[in-house]
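The values are calculated or read from the model by the stated rules, or taken from the named source; none is laboratory data. Computed from a prediction, not measured in an experiment: that's the story for all the values here. Cβ sites come from the backbone with ideal geometry, for glycine too, and all protein chains shown count toward neighbours.
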Amino acid sequence: MASRDCAEQVGNSGKIPAQRWRRVNARRLCRSMARFDFYSLRFFLSVLALSCALAQPVCAGEDSAQAPASTQAQGPHSGFGGPASVGGQIQSDTEPKAPLVRLDMASAALRSYHDFKERVKSQYELTFGIDYILLYQHASKSPGEQNAAGGALRLFGSWQLFDQESGYPGSIEFKVENRHRLGTDIAPQALGGEVGYAGLTAVTFSDAGSLLTNLYWLQSLHDDRFAYIVGIVDVTDYVGVYGFVNPWADFMNLAFSTDPTIPAPDQGFGTAARWRLADHFYVLAGLADANGDPGDIWNSVDAFFDDTEAFKHIEMGWYGSWETRIENNVHLTLWQVDERTEAGIADGWGAAFSYSRKFGERWLPFLRVGYGDGGGALLERSISAGVGRYTDD
């Protein structure tokens, strides 16, 4: 359940609220790429040079102690971000799943495809995935549109450039998407506004077109006790995550995925760092462009340094074990966002609490509470609770 105390009422126009919650520009990625200039290229090369300096034994080709087996098994991407991150999605894709319908011809084609992926991973340290997801929603009664259908084609991957066995793995994480309508006047993301719902019934299924939603450097240090990312990020991949936060595979509505009291910006330039203080405690902090735009990403990089309108966050939490840190997790997230002059949105701050604890092998009860004061958050107060069940598939 979510509070009706709404910071901004959503009209019947079917548009996303004025604070640009998860709104993305529909301009095509090729137009954005034309704006890639020397300044942006110099920035990414500087990031690589800094990471190489921090992981000097690897870059210099020197021998170093082998990382513990647990670190090797997790991979460089699995220690940063939740189930919706590039690493989380890759890890999910590697888990065996039972097909709804088994076709011998399709099974043979998929085996060939997976064999090809394994060869690419073995030769180039490049792990990738492709998926296409469809969604149709219907409202039995509505003052506006009643039907919404959309799809999303995604290509994502992780290119590991620093040796995994060294204990200082580093990789480039990337994700390119195309989000579109399918035969209806609106995409599912806009259906909530049509029916008068103060929220989003489908967070990610928009009509945004081609987008670059991830392109960042991920560096892990000291056997993954410390890790950081810098580049084009999606803050919802790692801020306030829990076991059912992935909108592509779990809850699609805003109340149960990203906390609706947090005005998380669209994908853009940002950085974050995570530090494991002890065996069961961590701190995660970072900042990102408050005016992120995955449809015009290089302009977002320049605007971050020119305008410095940022979304800042810090999270302190407890986890049961590092392997189950997403499911068995208690954390408090504090955030602050600067005034966005061009968008006409005042600054703001807030806090969010999350508790989840897995029972047995399948059941995950959770409680999430949030409060936001300004900043363009969709809700001022929110409480959501429930119990989820994991399946073998």
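Would you pick out the residues in the range 356-370 that are assigned to a strand (DSSP E or B) and either of a type in the set (D, E, K, R) or buried (at least 20 other Cβ atoms within 10 Å of the Cβ) (or both)?
Ser356, Leu364, Phe366, Arg368, Gly370
Give the residue that is surrounded by the fewest Cβ atoms within 10 Å (Cβ to Cβ), with candidates limited to residues of the range 237-263 that are touching a Phe, Trp or Tyr at 6+ places or on another chain (Cβ under 7 Å) and hydrophobic (A, V, I, L, M, F, W, C).
Phe251
Only one of Ser112, Ser122, Ser158, Ser107 is part of a strand (DSSP E or B) and either free of Cβ contacts under 8 Å to residues at least 40 places away in the same chain or within 30 Å of Gly240 (Cα to Cα) (or both); which?
Within the list Ser112, Ser122, Ser158, Ser107, the selection yields Ser158.
Quick one: Phe353 ticks every box in (1) in contact (Cβ under 8 Å) with a residue 24 or more places away in the chain; (2) surrounded by fewer than 21 Cβ atoms within 10 Å (Cβ to Cβ); (3) among the aromatic types (Phe, Trp, Tyr) bar one, so which box is it?
Condition not satisfied by Phe353: (1).
For the range 218-268, what are the residues that are among the charged types (D, E, K, R) and closer than 25 Å to Asn178 by Cβ?
Scanning the range 218-268 gives Asp234, Asp237, Asp250, Asp266.
Tell me, yes or no, whether the range 131-144 has at least one residue that is aromatic (Phe, Trp, Tyr), without any contact (Cβ under 8 Å) to a residue 24 or more places away in the chain and either surrounded by fewer than 17 Cβ atoms within 10 Å (Cβ to Cβ) or at positive phi (or both).
To start, the set of residues in the range 131-144 that are aromatic (Phe, Trp, Tyr) comprises 132, 136.
If we keep only those that are without any contact (Cβ under 8 Å) to a residue 24 or more places away in the chain too, we end up with 132.
Now restrict to residues that are either surrounded by fewer than 17 Cβ atoms within 10 Å (Cβ to Cβ) or at positive phi (or both): 132.
Yes: one or more hits.
Looking at the range 173-181, can you tell me whether even one residue there is closer than 30 Å to Ala278 by Cβ, modelled with pLDDT of 95 or more and of a type outside the set (Lys, Arg)?
Yes, the range 173-181 has at least one match.
Among the listed residues Thr213, Thr204, which satisfies the condition of being under 22 Å from Ala288 (Cβ atoms), modelled with pLDDT under 95 and polar (S, T, N, Q)? Lay out the reasoning, then the answer.
Numbers: Thr213 fails: modelled with pLDDT under 95.
Going through Thr213, Thr204 in turn, just one is under 22 Å from Ala288 (Cβ atoms), modelled with pLDDT under 95 and polar (S, T, N, Q): Thr204.
List the residue pairs whose Cβ atoms are under 7 Å apart, where the first residue sits in the range 166-187 and is on the phi > 0 side of the Ramachandran plot, the second is at pLDDT 95 or above, and the two are 6 or more positions apart or on different chains.
Gly183/Ala149
Return yes or no: is Phe304 touching a Gly at 6+ places or on another chain (Cβ under 9 Å), in a strand (DSSP E or B) and surrounded by 15 or more Cβ atoms within 10 Å (Cβ to Cβ)?
For Phe304, the condition - touching a Gly at 6+ places or on another chain (Cβ under 9 Å), in a strand (DSSP E or B) and surrounded by 15 or more Cβ atoms within 10 Å (Cβ to Cβ) - is not met.
Which one of these is under 22 Å from Phe80 (Cα atoms) and modelled with pLDDT under 90: Phe281, Phe304, Phe226, Phe256?
Phe256
May I ask you to list pairs of residues, at least six apart or on different chains, whose Cβ atoms are under 6 Å apart, with the first in the range 202-224 being under 19 Å from Pro265 (Cα atoms) and the second being aromatic (Phe, Trp, Tyr) and buried (at least 24 other Cβ atoms within 10 Å of the Cβ)?
Filtered contacts from the range 202-224: no entries.
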